Amino acid sequence: MSKGQLWKQRFFYGATDMAGNLIWQIVGLYLLFYYTTVVGISPAFVGTLFFVVRIIDAFDGVVYGFLIDHTHSKYGKARPYFLWFGIPLGILTMLLFFNPSFGGNRAFQLAWISLVYTLFSLVYSGANTPITAILPSLTKDPDERTNLASARMVMTNIGTAVIGAISLPMVAKLGGKNAEKGWMIWGIFIGFAIIVLFLSSFANLREKDDIVDEDADAPEIKGHLSVKESLKGAVKNKPWVALSISFILLQTFWVIRMQTAVYYLTYVYRRADLVGAFNGLVIVAVAGNLSVPFLSKIMKHRNVMILSMVTFGIGEIIMSFKSIPLLFAGNVIALVAMGAAFSIAFVMIADTVEYSRSELHIDEPGILSSVPMVGAKLGMGFGGLVSGWLLSWGGFQATAKIQGAKALTAISTSFVWLPIILALLIVGILYLFYKLDEDEITSAKAAKESSKKLDNENV
């Protein structure tokens, strides 16, 4: 593949996750804030809604993974899902911020919000599970997989940085004094962007048949498994189990932090004017994304993740000091660390897929690649529940410009201290239970290919 083709593949692979994260960033940063302060829904209801929907669709990523493993089309296994789910996701994005009053009937409004949010979550999985599932089929070169994962997160963070920085100003500009109107128009713009990005990626990405055939032709590799066999095979993959738990915790604390950032700046610092700049700093996560190809050459992937979590915790601690310069400095450190963490996480998932093929002789990339979606859903559910309930526990009042001491404690706990605790828990889990050595797998695979080549030459 030429350099031009490589960069084209990296760009459009990254565009898939950029599409999904345009709305994921808004949901993570602003949906709780939008529902509680614009629509006027109680934070306890919203937090419970987030949690209940996550219970309903927590494992739909596994279902989509199973479907991907059993999909046979001229477009491949994972690629068709960008076409099938990209358009519905864009439309549901628009509907998330279209909330009619139903003549003042609150019950109807709550039912509408619950229905749209549930459908959005189900469709989101269908559009995003194939992003990770397709990675092992784009290239068999482990270094290029790392480059693709980094390109994915670079594109994601560019998109989310722009969204984080300009969403509130755009809402104000589009809606004037009518925030609800501004959010509705902004949702339409984001929905169209999602549709265009997914369709463009579908048109330009190609799954490599020879990668799948190479493993599928080997008599010892089991493919096209039943649901029960797929799940049993996944559970036997111990590195995947440890990574799955870690990913759920990662998404949980990231959602908690994202959802309470606007509260932290608005009520703890009383600087709502800094929210856009603060959220826009996510662009620095690109530095973390770009560091992964280098770090993965000098240390094991697990250790890159551990280093990222420790660095993130340091950044969070720096932000706990009541100083605007330290607030922004700590945020930069935390975001760079998270850029590296998410990039290496997707590489580690591809490692567990390769481990399943080489060590367990099972080919189930769809099921194993559902980890990010399951983690994201459970993370959003737990994160939304904790954020909403903590705000209610603290006595948060949406109409009050100045919150009580208990509410401020709840906000600070959600934004700073809970993420630190969960990040350290991830460190412990990976250190104790994630024993996969990607170098050994790559070396064994290379030796096997070399031996096969020699056998063919001798024949």
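With a Förster radius of 60 Å applied to the C-beta separation of Phe108 and Lys3, the computed FRET efficiency comes to 0.60. A crude spin-label estimate for the pair Leu432 and Arg271, with each label 7 Å from Cα along the Cβ direction, gives 3.9 nm.
A simple spin-label model places the labels of Ile166 and Ala405 4.4 nm from each other, with each point 7 Å out along Cα-to-Cβ. With contacts taken as Cα pairs under 8 Å at a separation of at least 6 residues, the chain carries a relative contact order of 27 percent. A helix-only calculation puts the chain at -25500 deg cm²/dmol for mean residue ellipticity at 222 nm, using -39500 (n - 2.57) for each DSSP H run of at least four residues, averaged over all residues.
The modelled label-to-label distance for the pair Leu83/Phe192, using points 7 Å beyond Cα in the direction of Cβ, is 2.4 nm.
Seen from every direction in turn and averaged, the convex hull around the alpha carbons of the chain projects onto 21.8 nm².
Accessible area per residue for the chain, computed on protein heavy atoms with a 1.4 Å probe, is 40 Å². Judged by the mean number of other Cβ atoms found within 10 Å, the most tightly packed of the peptides 130-136, 430-436, 105-111 leads the ranking 130-136, 430-436, 105-111. Annotation: extensible slack from Lys74 through Val52 equals 4.2 nm (criterion: 0.36 nm per residue apart, minus Cα-Cα distance). Using 15 Å as the cut-off for backbone N distance, which residues of region 27-61 belong to the label zone defined by a point 7 Å from the Cα of Ser101 along Cα→Cβ? Residues passing the 15 Å test: 38-41. Element breakdown for the chain at a 1.4 angstrom probe: carbon and sulfur atoms account for 68% of the accessible area. Here Lys181 and Leu115 are evaluated by their C-beta separation; at R0 = 25 Å the FRET efficiency comes out at 0.70.
Which shape class, rounded, prolate or oblate, goes with region 1-73 when its Cα gyration tensor gives a ≥ b ≥ c as root eigenvalues, a/c under 1.5 marks rounded, and past that a/b bigger than b/c marks prolate? Since a/c reaches 1.5 but b/c is at least a/b, the shape of region 1-73 is classed as oblate.
The values are calculated or read from the model by the stated rules, or taken from the named source; none is laboratory data. Predicted model, so just to flag it, every value in this text is computed and none were measured. No Cβ is skipped: glycine too gets one built from the backbone with ideal geometry, and neighbour counts run over all protein chains shown. Ligands, DNA and RNA are excluded from the accessible area calculation, which covers all protein heavy atoms including side chains. Shrake-Rupley method; radii C 1.70, N 1.55, O 1.52, S 1.80 Å.
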